[in-house]
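Everything below concerns the one structure shown next.
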Amino acid sequence: MKPAPFQYAAPETVDEAVMLLSEYGRDGKILAGGQSLVPLLAMRLARPSVLIDLNRIAELDYIRQTDGEVAIGAMTRQRTIERSGEVREHLPLWWEAVRYVGHPQIRNRGTVGGSLAHADPSAELPAAAAATGATLVTRSTRGERTVSAEGFFLSYLATALEPDELLVEVRIPAHARAGTAFLEVARRHGDYALAGVAAMVTMRDGRCEAVRLAFTGVGPVPVRVAEAEEPLIGRRPEESVYAEIARIVAGRLDPDSDIHASAAYRKDVAGVLTARALALAVSRAQEPMADSRSSMVDHG
Ligand code: FAD
């Protein structure tokens, strides 16, 4: 199939893009990397009158460090963050998660903003956004707005973006010293996740200080299970605690069955992945603590 006819606009600045969005509203559609939108156009599941192509807007392509955060422009390619030493060091959870997105060819074109705005329930970056407490920045002719990841993802492929709003940036708290792990199960390498988990743990004196878990593929939006984070807080990590958390996760999640996997399978897999991800995250977080623990021993 081929797309229904549309007009094409290629703004060169954010101001021009938001003017076009304000003019066309629901009839306009943003084109970023095209990795999700172009198939939808070809199948005529999306039939915008005007395509607003962001690919000439250089000001949306950046990775910047600010006060304790890393800001990533919406048109930054997924491959760019995968290859970024800054992202690897300061945003290890994102660095790990992005490598599960499709294949290198897809990540060469696909953008960070496109993945977040598309909000596929099995996508990796929305779960990374939820686990790391990211903030999304939008622009329209009415001004700028910031939305928490939890407030941004509303339902299947639905976000808090208004028809005249552009997603311009995601701000992610730097978490270089936390232990992180992203694990998923997919049918084939590069497929969307049947179930996946993003885990972030901070440790102090051998005990777990804070835990954040976010799941993908098990609900309409990235799912947090606060109840599953509590058992580890203030405790020394042990296999038995991970097993307890895995049971809570499997009991609390309420995924749908579809042609790819049953709900029961998704719940089980999410539980197993959680236990593994927590063990991995804790092992990564403990490394910077090793010196201070031995110095405590030295000082008796
Ligand atoms: P586009 O396809 O251009 O746009 C997607 C949607 O977001 C459109 O509705 C568009 O209007 C809107 N949009 C884009 N940017 C903005 C913005 N700045 N402001 C407002 N709205 C915007 N993704 C995964 O997460 N995991 C996978 O495993 C995975 N596997 C894939 C496998 C294949 C074979 C393919 C083709 C794609 C796969 N994808 C996967 C999707 C891919 O990651 C896309 O890059 C992503 O979903 C959309 O990003 P994009 O830049 O291509 O956006």
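The values are calculated or read from the model by the stated rules, or taken from the named source; none is laboratory data. In this text the structure is predicted, and so the values were computed from the model without any measurement. Cβ atoms come from the backbone with ideal geometry, glycine included; neighbour counts cover every protein chain shown. Just so you know, the surface numbers come from the protein's heavy atoms only, side chains and all, with ligands and any DNA or RNA stripped out. Shrake-Rupley method; radii C 1.70, N 1.55, O 1.52, S 1.80 Å.
To the nearest 20 debye, what is the magnitude of the charge dipole of the stretch 95-153 about its Cα centre, counting +1 on the Cβ of each Lys and Arg and -1 on the Cβ of each Asp and Glu? Don't jump to the answer; show the numbers that get you there.
Working: 6 positive and 5 negative charges, 54 e Å.
Dipole size: approximately 260 debye.
Take the solvent-accessible surface of the protein heavy atoms, probe 1.4 Å, and return the percent of it on the stretch 32-79 that carbon and sulfur atoms account for. Write down the numbers at each step before the final one.
Working: 1030 of 2200 Å².
For the stretch 32-79, the apolar C and S fraction of the accessible surface comes to 47 percent.
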Per-residue accessible area, 1.4 Å probe, largest first, puts Met19, Met75 in the order Met19, Met75
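Using a simple charge model, +1 on the beta-carbon of Lys and Arg, -1 on the beta-carbon of Asp and Glu, nothing else, what dipole does the stretch 1-111 show about its Cα centre, in debye to the nearest 20? Kindly include the intermediate steps, with their values, before the conclusion.
On the way: 14 positive and 14 negative charges, 154 e Å.
Dipole of the stretch 1-111, to the nearest 20 debye: 740 debye.
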Which residues in the stretch 12-28 place their backbone N less than 20 Å from a point set 7 Å from the Cα of Ser49 along the Cα-to-Cβ direction?
16-28
If one compares the long axis through the Cα atoms of helix 239-252 with the longest principal axis of the Cα atoms of the chain, the angle in degrees, nearest 10, works out at 40
Total charge dipole magnitude, the chain, about the Cα centre, Cβ charges on Lys, Arg, Asp, Glu only, Debye to nearest 20:
700
Charge dipole (the chain, unit charges on Cβ, about Cα centre) - positive-most of Met203, Gly34, Gly234
Gly34
Whenever you get a sec, compute what percent of the accessible area on the stretch 98-168 sits on carbon and sulfur atoms (1.4 Å probe).
48
With springs only between Cα atoms under 10 Å, which of Thr76, Thr202, Thr66 fluctuates most in a Gaussian network model of the chain?
Thr66
Could I have the simple spin-label model distance between Arg26 and Arg187, label points 7 Å from Cα toward Cβ, reported in nm to one decimal?
3.3
Roughly speaking, what is the centre-to-centre gap between the stretch 137-151 and the stretch 37-60 when only Cα atoms are used, to the nearest Å?
21
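Enter the accessible area per residue of the chain (Å², integer; probe 1.4 Å; all protein chains in place). It would help to have the intermediate numbers written out before the result.
Details: 14180 Å² over 300 residues.
Here the per-residue accessible area is 47 Å².
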Report ³J(HN,Hα) in whole Hz for each residue of the stretch 133-138, in order, from the Karplus equation J = 6.51 cos²θ - 1.76 cosθ + 1.60 where θ = phi - 60°; Gly and Pro get x.
x, 6, 10, 9, 10, 10
Using alpha carbons only, how many degrees (0 to 90, rounded to 10) separate the axis of helix 14-24 from the longest principal axis of the chain?
60
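Rounded, prolate or oblate: pick one for the chain, where a ≥ b ≥ c are the square roots of the eigenvalues of its C-alpha gyration tensor, a/c under 1.5 means rounded, and failing that, prolate if a/b is larger than b/c, else oblate. Please report the intermediate quantities before stating the final value.
On the way: a/c = 2.39, a/b = 1.62, b/c = 1.47.
Prolate.
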Between His175, His260, His118, which gets the highest mean-square fluctuation from a Gaussian network model of the chain, Cα cutoff 10 Å?
His260
Got a sec? Charge dipole of the chain, +1 on Cβ for Lys and Arg, -1 for Asp and Glu; which of Thr159, Asn108, Phe215 is way out at the positive end?
Asn108
Once fully extended, how much extra length lies between Ser155 and Glu59, figured as 0.36 nm per residue of separation less the alpha-carbon to alpha-carbon distance?
31.6 nm
Given Ala270, Ile172, Ile81, which one lies farthest toward the positive end of the charge dipole of the chain, if we put +1 on the Cβ of every Lys and Arg and -1 on the Cβ of every Asp and Glu?
Ala270
Decide, for the stretch 56-159, between rounded, prolate and oblate: order the square roots of the alpha carbon gyration tensor eigenvalues as a ≥ b ≥ c, take rounded if a/c falls under 1.5, and otherwise choose prolate if a/b is larger than b/c, else oblate.
rounded
Highest average packing first - 223-233, 7-17, Cβ atoms within 10 Å
223-233, 7-17
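Over the chain, what is the relative contact order in percent, taking alpha-carbon pairs closer than 8 angstrom and at least six residues apart? Don't skip to the answer; put the middle values down first.
Values: 674 pairs, mean separation 46.2, N = 300.
15 percent.
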